[in-house]
Amino acid sequence: MKPETAAKKLGILLEAAPEEFRTGVVTRDELNALLADPPEWLQVLRREGPHPRPVVAAKLGISNSGLARGGLTEPLTTAQIKDLLVAPPQWLVTERATQAAVRAEKRRVVERDAERAARNPGGGGGGAG
């Protein structure tokens, strides 16, 4: 696979990986080996960063869109993320509240659907109601 794909699967920023990783091709077996027994460079990248956008968003508890709305376009290190969490700017407080509301709504919908399925085990096929 391409290095970009492997980096995504490993949750690392490609630009921060060693040259031989960035310029080579990663086989499925090599990827599995990296996942099972990560080398030192991979452990350090995962622990300290810089991290790609999806990882930054997850560590901050917000969406990728929330990062964009907050004006964060560059990768962040673990230390920078911790600093934001210790003294969150207003945009981060707002985005975390938004994300919490989205998660709560998803839970509500799942519970509602489970309740409906329990009341109507046959399915019924839908329709206006």
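The values are calculated or read from the model by the stated rules, or taken from the named source; none is laboratory data. Just so it is clear, the structure is predicted and the values come from calculations on it, not from any experiment. Positions of Cβ are backbone-derived with ideal geometry, glycine not excepted, and every protein chain shown enters the neighbour counts. Side chains are part of the model used for accessible areas, which takes the heavy atoms of the whole protein and leaves out ligands, DNA and RNA. Shrake-Rupley method; radii C 1.70, N 1.55, O 1.52, S 1.80 Å.
Which residues, counting only those in segment 43-78, are in a helix (DSSP H, G or I), open to solvent by 30 Å² or more (accessible area, probe 1.4 Å) and under 24 Å from Ala100 (Cα atoms)? Residues satisfying the conditions are Arg53, Pro54, Val55, Ala58, Lys59, Asn64, Ser65, Ala68, Arg69. On the basis of being out of contact with any strand residue (DSSP E or B) (no Cβ under 7 Å at 6 or more places or on another chain), open to solvent by 20 Å² or more (accessible area, probe 1.4 Å) and over 29 Å from Arg103 (Cα atoms), does Lys8 make the cut? For Lys8, the condition - out of contact with any strand residue (DSSP E or B) (no Cβ under 7 Å at 6 or more places or on another chain), open to solvent by 20 Å² or more (accessible area, probe 1.4 Å) and over 29 Å from Arg103 (Cα atoms) - is not met.
Between Val86, Val102, the distinction of being over 18 Å from the mean Cα position of the chain (by Cα) and not assigned by the TED database to the domain that holds Leu14 belongs to Val86 only.
Pro88 satisfies every condition listed in (1) surrounded by 16 or more Cβ atoms within 10 Å (Cβ to Cβ); (2) assigned to a loop (DSSP other than H, G, I, E, B); (3) at pLDDT 95 or above except (1). List, please: which pairs have Cβ atoms under 8 Å, are six or more places apart or on different chains, and start with a residue in segment 64-88 that is free of Cβ contacts under 8 Å to residues at least 24 places away in the same chain and end with one that is part of a helix (DSSP H, G or I) and exposed (fewer than 14 other Cβ atoms within 10 Å of the Cβ)? As it stands, the answer is Asn64/Pro54, since those pairs meet every condition given.
Taking residues in segment 14-38 that are surrounded by 12 or more Cβ atoms within 10 Å (Cβ to Cβ), and partners anywhere that are of a type in the set (Phe, Trp, Tyr), the pairs with Cβ atoms closer than 7 Å and at least 6 places apart or on different chains are Pro18/Trp41.
Counting only residues that are charged (D, E, K, R) and touching a helix residue (DSSP H, G or I) at 6+ places or on another chain (Cβ under 9 Å), segment 83-105 holds 2 of them.
With respect to the stated conditions, Arg96 fails to be among the charged types (D, E, K, R), assigned to a helix (DSSP H, G or I) and either farther than 20 Å from Gly66 by Cα or at pLDDT below 95 (or both).
Table: residues versus (1) more than 19 Å from the chain's Cα centre (by Cα); (2) at pLDDT 95 or above; (3) outside the structural domain of Leu14 (by the TED database); (4) among the aliphatic types (A, V, I, L, M).
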residue	(1), (2), (3), (4)
Gly70	no, no, yes, no
Glu74	no, no, yes, no
Thr77	no, yes, yes, no
Leu92	no, yes, yes, yes
Asp113	yes, no, yes, no
Gly127	yes, no, yes, no
